[in-house]
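Shown next, in structure tokens, is the structure this report addresses.
The values are calculated or read from the model by the stated rules, or taken from the named source; none is laboratory data. Not measured: the values here are computed from a predicted model. All Cβ positions, glycine included, derive from the backbone under ideal geometry; neighbour counts span all protein chains shown. Note: areas computed on protein heavy atoms with side chains; ligands, DNA, RNA excluded. Shrake-Rupley method; radii C 1.70, N 1.55, O 1.52, S 1.80 Å.
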Amino acid sequence: MSRDDLNDIPSFAANRDEAVSSAPRGAIPARAARTEATLGLTARLVLTIALATAGIACGWAWQLQTLLDTSQTEQKETQARVADLEALLSDTDETVNKSAAAMGAQLRLLDTEVRKLWDARKVSNRQIHPA
């Protein structure tokens with residue numbers, strides 16, 4: 001082999017068209033790989049944010065349900081207490097009405113007795129001090 005033969009060695013560097021056409025089928029160019037990687041990262045980020053939002057929403061819904069259960073329990077207790085107080089008030093009202101009637105009767109009786117005593121005193125005073 002001569003030295004001239006060595007200079008005729010073809011170049012192994014391929015231009016862009018040759019690289020794409022000679023690439024194996026299914027191979028992804030570098031720019032497409034970067035785009036898919038960015039898309040994958042964006043999709044993962046959106047999915048992570050969506051899952052975090054769903055978790056927060058579930059926690060908030062659980063907290064609201066707990067508050068609702070507590071307030072319903074308190075409402076039932078309050079309704080029972082109000083019903084008890086209304087029953088006591090009704091009993092007291094009837095007792096007060098009966099007591100007022102009884103007291104009125106006693107006052108009339110006392111008034112009658114006081115008038116009798118005044119009349120008896122007047123008669124007694126006339127007998128002791130004739131006019």
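Open to solvent by less than 80 Å² (accessible area, probe 1.4 Å), more than 60 Å from the chain's Cα centre (by Cα) and not hydrophobic (A, V, I, L, M, F, W, C), is that true of T92? No. Looking across G59, G40, one residue alone is modelled with pLDDT of 95 or more and either open to solvent by less than 90 Å² (accessible area, probe 1.4 Å) or in contact with a helix residue (DSSP H, G or I) (Cβ under 8 Å, 6 or more places away or on another chain) (or both). It is G59.
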